[in-house]
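Data first, discussion second: the structure below is written as C-alpha cells.
The values are calculated or read from the model by the stated rules, or taken from the named source; none is laboratory data. These numbers come from a predicted model, not from an experiment. Note that each Cβ is placed from the backbone with ideal geometry, even for glycine, and that neighbours are counted across all protein chains shown.
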Amino acid sequence: MKMINQDNNLLQTEEEEYFDLKTFFYKILARWWWFAISIPLCALIALYICFSSTPVYKVGAKVMISDSKKGEVGVNPMLKELGLFQGTMMVENEIVELKSKNLILDVVKELELNVDYTREKVLREEKLYKDSPFRILVDLPENIKDTTFYVIAKGADKIEVLDADKNMMFEGNFSQAISMGEYRMTVEKNDSLLQVGDEVRVDLLSYGKAATDFHKRLEISLLEKNASAVGVSLEETNPGKGVDFLYTMIRRYNQNGIEDKQLVSEKTVEFINERLRVINQELGDIENSAETFKKTNQLTNLTSDAALAMEQKKATDAELLKLGTEMDVVKSVRAYLEDRRGEEFRILPEQLGLTDESLNSGISKYNEMILRRGKLLQSARESNPIVLGLEAQLRELKSSIRSAIANVENGLDIKIKSLERESQQVEDKLTSVPTQEKQYRSIAREQELKENLFLFLMQKREEAEIAKLIYVATAKIIEDPSAGDAPVEPRKALIMLVGLIIGVGIPVGIIFLLDILNDKVRSIDEVKQALPFPVLGDIPELPQEEVILLRENFSLSESMQVIREKLNYMLGEKACPVLVVTSGVPGEGKTLVAAHLAKAYAKAGKKTLLVGCDLRNPQLHSYLHKNYSRGLSAYLAGMEPEWRRLVHSLEDNLSVLFGGDVPPNPVALLSSDRFKTLLEEVKGEYDCIILDTPPVGILADALTMVSQADACVCVVRLNVLPRGLLSSLRVLESEQHVTNCGVLVNGVSKRIHYYKYGYGNYYNKQNR
C-alpha cells in the first residue's frame with residue numbers, strides 16, 4: 001500500500017511538471033481572434049504614447065579641462081606618498097565643481113530658468129523658451145514659491161491670468177503689476193510671436209528647485225580614462241534652452257576659476273607691498289648710516305693690494321646675498337603662516353621665487369583647498385562633515401608646509417655658514433685694510449643686501465600684477481553644444497516593439513494562465529504517464545449529430561475498428577467475451593464508446609448485445625433517439641421474469657438491453673446472483689457482450705461488474721477528467737486485478753486525430 005501511494009505521488013509530480021507545448025500551440029491557434037484584437041489595440045496605444053509624449057533631446061558638448069591653475073612641478077616624495085599633492089590636476093575634482101549646485105544655481109539665475117513656459121496641444125505639450133509669446137518678470141525672484149498659472153492673450157494689450165484650476169486671477173494689460181503675495185510680477189509680450197488667443201501655462205519655480213531639477217538631469221563624465229577631456233550633457237525638452245544652459249555653465253565655471261586665481265594674486269601683492277614698506281624703511285636707515293660713517297672716517301677706495309682679495313670676497317658676498325634674500329623670504333612666509341592675529345585659514349603668497357619646488361607646490365595646493373573650503377561654506381555650515389574633513393586636511397597640509405619651510409631654512413643656513421667661513425678666510429687676507437674700511441664694507445654689504453631684496457620684491461609684485469590680467473580659462477569647448485538630429489525620447493521604435501510584444505503577450509499570458517488553472521487531463525501523454533494500461537486508441541471531438549449510433553461516421557467507425565482489433569488481440573480466442581466500458585467521471589463519453597464499440601463488433605459478424613448497466617444515469621437511449629422505460633432494472637428487480645422480452649434488435653447482429661427506470665438500490669441489483677445468472681444466459685446466445693457501466697472514479701457500481709468481465713475499457717475524455725482522479729483508475733489493476741484493461745482517449749483535437757487517420761473528413765462527406 002505504501003508503494004502504491006509513492007507511485008501515485010510520483011505520477012502526480014510528473015503530471016504537474018509536464019507541459020505539452022504542441023497542445024498549447026493549438027490552443028493559441030484556436031483563439032486567433034484574441035490576437036486580432038489585442039495586437040492592433042496595443043499598437044494603437046503605443047502610437048498614442050509616441051505622439052503624445054513630449055520629445056526630450058540630449059544636448060551634449062565636449063570640454064577640455066586644462067591644468068594651468070596648478071603648477072606643481074617638484075613634489076616632495078614623502079608628501080606624495082601621503083596623497084597630499086599630485087603632479088597633475090585631478091579632472092575628477094573639476095567635474096565635481098562643474099556639477100556643483102552653486103554653479104548651476106548661478107546659471108539658473110542668469111538665464112531665468114526657474115520660469116517654464118508650456119503650450120498645451122491636443123496630443124502633447126510643447127515646451128517654449130525664447131519662442132514664448134509671453135515673458136514673466138518678477139521683482140523679488142528669491143521669494144518665488146512653486147506656482148502654476150495660465151496666461152491668455154485676449155487682445156493686442158489685454159491678458160487674462162488664470163490659476164491652476166482655471167479660475168480668474170487677473171484681468172488687465174501687459175506690463176501691469178500683478179501681486180503674488182511676497183512678490184510681484186508683470187507679463188511682457190513678444191510682439192513678433194504674439195497672437196490673439198495664445199494660451200501658455202507658466203510654471204514658476206524657486207531657484208533651489210529649478211537648480212535641483214537641472215542638477216539631476218546634468219551628466220558629466222570623462223571621455224577617456226587618462227585624458228582631461230570631459231563630456232557634458234543635459235536632457236531637455238527644448239534644445240535651445242539646453243544649449244544656452246551648457247554655454248553659460250562653462251562660461252561661469254571659467255569665470256569662477258579666473259576669480260580664484262586673481263584672489264591669490266591679490267593676496268600675494270598685499271604681502272609683497274607690506275614687505276616693501278618694511279625693507280624700504282630699513283634701507284633708508286642703512287643708507288643714512290653709510291653716509292654718516294663715510295663723512296666721519298673720510299674713507300676712500302680700497303687699496304690695489306687688496307683688490308684681488310676683495311674681488312673674491314665680492315663673489316662670496318654675492319652668493320651670501322642671494323641666500324640671505326631667499327632666507328628672508330622664507331622667514332617672512334613662515335611668519336605670515338604662524339601669524340595668529342587673523343583667521344586660521346588664509347591664502348598664502350605664491351610665486352616668490354623660492355628654489356624649493358615642494359614648498360611652492362605645497363603653498364599652491366594649500367591655497368586651492370582654502371578656495372574650495374570657501375565655496376563649500378557658501379552652501380554649507382562649518383559643522384558640515386565635508387567642511388570639517390577639508391579643514392583637517394588643511395591643518396595637515398599646513399603642518400607639512402611648516403616642515404618644508406624648516407627644511408628649507410636648515411638647508412639655507414648650512415649654505416650661508418659655509419660661505420661665511422669662506423668669506424672669513426678672505427677677510428683674514430685683508431688684515432692690511434684699515435679697520436674703518438672694513439666697517440664700511442660691512443655697512444655697504446648690508447645696504448646691498450637690502451637693495452637687492454627690494455628690487456627682487458618689486459619684480460615679484462610686478463609679476464603678480466601681470467598675472468591678474470593674463471589668466472586663461474580652465475575649460476575650453478572643443479565641441480559646441482548640440483541637440484543632435486533626433487530626440488532621445490520617446491524611443492518610438494522601442495515603444496512600438498514593446499506594444500507589439502505586449503499585444504502578443506497578453507492573450508498568450510491569459511491562455512497560459514487559464515491552462516495552469518485548468519486541472520483537467522489535457523493530453524494523451526498525461527494518460528500514458530499516469531496509468532499502467534495500454535492506450536487502445538482515441539476518438540475526436542464530434543458534434544452531437546455525428547455521434548448517433550444509427551448514423552455512419554467514418555472517423556468514429558475507423559477508431560472503433562482499431563480498438564476492436566486491439567481488444568481481440570488482448571482476449572485471444574475467448575468465445576464470448578464480456579467487455580466493461582467505464583470512465584472516471586460522468587460526461588467522458590463511456591456510453592458513446594460502448595454503443596459504437598458494440599456496432600464495430602456487429603459489423604465484424606459478431607452477434608453482440610449492448611447492456612445499459614448505468615442504472616443511476618442511463619443515457620444509452622439518447623444515442624438511439626429512443627426511450628424505453630423498462631429494461632435491465634425491471635429484470636433484476638424481478639418485475640420482468642424473461643430478459644429476452646426486454647432486448648431490442650437495432651441492426652444485423654446488434655441488440656440492446658436498456659437500463660430502464662432508475663432503481664433505488666442499483667448496487668444491490670448489479671451485485672445480485674440474478675445479474676450473474678443473466679450474464680451466463682446471455683453468453684449462451686451472443687458472441688460478444690458489452691456492458692455500459694457507471695463511472696468507476698466516483699461510484700462503486702462498476703467495480704461489482706469488473707470482476708466478472710474479460711476486459712475493461714476505461715474512457716478518459718480530455719479537458720473533462722480532473723488530473724487528481726486520473727490515478728484513481730489504477731484501482732482496476734490494484735484491487736480488481738484486471739489483466740485485460742485498456743484506455744480509450746476521447747475528445748482528441750480533430751487536427752491531431754485526422755493527421756493520424758488520414759482522409760477522415762473526406763470520407764465523412766462522402767458517406768453523408
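Contact map, the range 608-627: residues that are not assigned by TED's automatic domain parsing to the domain that holds A709 paired with residues that are part of a loop (DSSP other than H, G, I, E, B) and modelled with pLDDT of 80 or more, Cβ distance under 7 Å, separation 6+ or inter-chain. No pairs are found. For the range 696-716, what are the residues that are at pLDDT 70 or above, β-branched (V, I, T) and under 60 Å from the mean Cα position of the chain (by Cα)? If the condition is that a residue be at pLDDT 70 or above, β-branched (V, I, T) and under 60 Å from the mean Cα position of the chain (by Cα), then V696, V713, V715, V716 are the ones that fit.
Here K314 clears all of (1) free of Cβ contacts under 8 Å to residues at least 24 places away in the same chain; (2) surrounded by 18 or more Cβ atoms within 10 Å (Cβ to Cβ) except the condition numbered (2). Within the range 735-750, does at least one residue satisfy the condition of being out of contact with any Asp or Glu (no Cβ under 9 Å at 6 or more places or on another chain), part of a helix (DSSP H, G or I) and at pLDDT below 85? No, there is no match, as no residue in the range 735-750 is out of contact with any Asp or Glu (no Cβ under 9 Å at 6 or more places or on another chain), part of a helix (DSSP H, G or I) and at pLDDT below 85. Looking only at the range 217-234, residues that are modelled with pLDDT of 90 or more and more than 18 Å from D480 (Cβ to Cβ) come to 1 in all. Of L10, L47, L41, all but one fail to be at pLDDT below 85 and surrounded by fewer than 16 Cβ atoms within 10 Å (Cβ to Cβ); the exception is L10. For the range 547-597, the candidate set comprises residues that are at pLDDT 85 or above and among the acidic types (D, E); within that set, the residue that is farthest from N617 (Cα to Cα) is E565.
Taken together, the residues in the range 717-734 that are modelled with pLDDT of 75 or more and β-branched (V, I, T) amount to 1.
Applying the criterion of being out of contact with any Phe, Trp or Tyr (no Cβ under 7 Å at 6 or more places or on another chain) and surrounded by 13 or more Cβ atoms within 10 Å (Cβ to Cβ) to the residues of the range 329-345, the residue that is nearest to S403 (Cα to Cα) is R334. Across the range 88-138, the number of residues qualifying as under 30 Å from E224 (Cα atoms), free of Cβ contacts under 8 Å to residues at least 24 places away in the same chain, in a loop (DSSP other than H, G, I, E, B) and of a type in the set (A, V, I, L, M) comes to 1. Do we have any residue at all in the range 546-561 that's assigned to a helix (DSSP H, G or I) and either closer than 30 Å to W34 by Cβ or not assigned by TED's automatic domain parsing to the domain that holds S671 (or both)? Taking every residue of the range 546-561 in turn, at least one turns out to be assigned to a helix (DSSP H, G or I) and either closer than 30 Å to W34 by Cβ or not assigned by TED's automatic domain parsing to the domain that holds S671 (or both). Here the range 181-223 is the region considered, the condition is being among the β-branched types (V, I, T) and surrounded by 15 or more Cβ atoms within 10 Å (Cβ to Cβ), and the residue that is nearest to S132 (Cα to Cα) is V200. From the list K209, K216, K158, the lone residue that is more than 41 Å from the chain's Cα centre (by Cα) and of a type in the set (K, R) is K158.
When restricted to residues that are surrounded by 12 or more Cβ atoms within 10 Å (Cβ to Cβ) and not basic (K, R), the range 508-524 contains 10. For the range 363-403, filtering for residues that are at pLDDT 80 or above, exposed (fewer than 14 other Cβ atoms within 10 Å of the Cβ) and aliphatic (A, V, I, L, M) leaves 2.
Every test in (1) in a loop (DSSP other than H, G, I, E, B); (2) surrounded by 15 or more Cβ atoms within 10 Å (Cβ to Cβ) is passed by V151 save one, and that test is (1). State whether one or more residues within the range 249-257 are assigned by TED's automatic domain parsing to the domain that holds V333, hydrophobic (A, V, I, L, M, F, W, C), surrounded by 14 or more Cβ atoms within 10 Å (Cβ to Cβ) and part of a helix (DSSP H, G or I). No, every residue in the range 249-257 fails to be assigned by TED's automatic domain parsing to the domain that holds V333, hydrophobic (A, V, I, L, M, F, W, C), surrounded by 14 or more Cβ atoms within 10 Å (Cβ to Cβ) and part of a helix (DSSP H, G or I).
Search the range 667-718 for residues being without any contact (Cβ under 8 Å) to a residue 60 or more places away in the chain and in contact with an Asp or Glu (Cβ under 8 Å, 6 or more places away or on another chain), and hand back the single one that is surrounded by the most Cβ atoms within 10 Å (Cβ to Cβ). Ranking the candidates gives L670 first. If you check L650, L679, L669 for being under 16 Å from D692 (Cβ atoms) and outside any helix (DSSP H, G or I), only one passes: L650. Here G659 meets the list (1) in contact with a strand residue (DSSP E or B) (Cβ under 9 Å, 6 or more places away or on another chain); (2) within 30 Å of K528 (Cβ to Cβ) almost entirely, failing just condition (2). Here P618 clears all of (1) in a loop (DSSP other than H, G, I, E, B); (2) modelled with pLDDT of 85 or more except the condition numbered (2). Among the residues examined, V138 qualifies as of a type outside the set (D, E) and surrounded by 13 or more Cβ atoms within 10 Å (Cβ to Cβ).
Restricting attention to the range 586-605, the residues being in a loop (DSSP other than H, G, I, E, B) and surrounded by 19 or more Cβ atoms within 10 Å (Cβ to Cβ) number 2.
Tell me which of these P641 doesn't satisfy, since it passes every other one: (1) assigned to a loop (DSSP other than H, G, I, E, B); (2) under 21 Å from A702 (Cα atoms); (3) more than 60 Å from the chain's Cα centre (by Cα). Answer for P641: the failing condition is (2). Filtering the range 349-397 to residues that are touching a helix residue (DSSP H, G or I) at 6+ places or on another chain (Cβ under 9 Å) and basic (K, R) leaves K365, R372, R373, K375, R381. Note on the range 637-664: residues that are of a type in the set (S, T, N, Q) and touching a Leu at 6+ places or on another chain (Cβ under 9 Å) amount to 1.
Of all residues assigned to the range 687-705, at least one qualifies as being in a helix (DSSP H, G or I) and touching a helix residue (DSSP H, G or I) at 6+ places or on another chain (Cβ under 7 Å).
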